[in-house]
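Just below is one structure, and these are the notes that go with it.
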Amino acid sequence: MTRTFFFISIFFLAGCQSIMVEDQPKSETKKGGYYLDDGPLQDIPENLDKIPDATPKDEPLVNYANRPYKVFDVKYTPMKKLQPYREKGYASWYGKKYHGNKTSIGEIYDMYEMTGAHKTLPLPCYVQVTNLKNNKQVIIRVNDRGPFIKDRIIDLSYAAAHRLDIIEQGSELVEIVVLNPKFAKQEKNTAIQAGVFTQKSNAEALKNQVEVLLLSSKINVKIDQEGNLFYVRLSAFSSLNEAVETQNLINTQLKLNSFIIQ
């Protein structure tokens, strides 16, 4: 990340270059575990819940942002190509301290967009992030490096952290999955879990609501029983993008917290 305060040497294959990275962060137990002097802006937009997920695209990688580098005496070697990837660990978030600064690929960081930072994933790429505590889920575009803190695997924009309900907590256990339209197998197996119920009648009611909303589509809506629970799931998507768009639609129109599964 292009984070200020002091210089750390970054060693690339082609030579040596210095970039600015953040101080070691400190937690604010009442306002969230964000970096020292960081946090939300004074005027927070009212429509944060309506900011849509990032839509996965097959973008060219930025070569200079994917070279080996060293921060706090630790060497990191980013992935050179997109490939299926899944990881569990703690997510944190960053806000006003870096709002308006350049990210590792040269774009301007906007804390109200669905973006994030990872130490070794190829940049840019798209990642599905699931809060393992509440199953809330977002899709973000990873365009920055970090977080350089033990046990944290990803830094989220303020908007993404808000959607996952981890602003106050500051960090939370998550699972991340890399998404890309080229992952044919991933797309073929993509489904949406819209809800889970102990009463079949409630599952049938949600299934009917989803079917009415998606009346003109060919998406399959079904109820799966696993033990004493009834799951409402959507499948038969033509692409990953269609699944993301459908998830956004049913979450907005039916006020759900559905999430994508592979």
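Bear in mind that the values in this text are calculations on the coordinates, not laboratory data. For clarity, every value in this text was computed on a predicted model and none was experimentally measured. Note that each Cβ is placed from the backbone with ideal geometry, even for glycine, and that neighbours are counted across all protein chains shown.
List of remarks:
- Amide proton proximity set for I261, modelled H, under 5 Å, gap of 5+: A191, I192, Q193
- Residues of region 56-95 falling in the label zone of D151, defined by backbone nitrogen less than 14 Å from a point 7 Å along Cα to beta-carbon, are 89-92.
- Tensor-based shape of region 56-133 (alpha-carbon gyration tensor, a/c under 1.5 rounded, otherwise prolate or oblate): rounded
- Cross-link check: pairs K97/K133; K57/K80; K207/K255; K70/K102; K50/K207 evaluated at a Cα-Cα cut-off of 21 Å; pairs beyond the cut-off: K97/K133; K50/K207.
- As a rough guide to protection, the peptides 242-248, 151-157, 221-227 ranked by mean Cβ packing within 10 Å, highest first, stand as 151-157, 242-248, 221-227.
- Amide H contacts of N143 (H built 1.01 Å from N, under 5 Å, at least 5 apart or other chain): G116
- Net lengthening on full extension, T198/E46 (0.36 nm per residue, minus Cα-Cα): 51.3 nm
- Shape of region 126-203, Cα gyration tensor, a/c cut at 1.5: oblate
- Sparse packing (at most 10 other Cβ atoms within 10 Å of the Cβ) combined with a DSSP loop state is found for the following chymotrypsin sites (Phe, Trp or Tyr not before Pro) in region 54-120: F72.
- Applying the Karplus relation 6.51 cos²θ - 1.76 cosθ + 1.60 with θ = phi - 60° to region 88-96 yields 3J(HN,Hα) values of 10, x, 9, 9, 10, 9, 9, x, 5 Hz, where x marks Gly and Pro.
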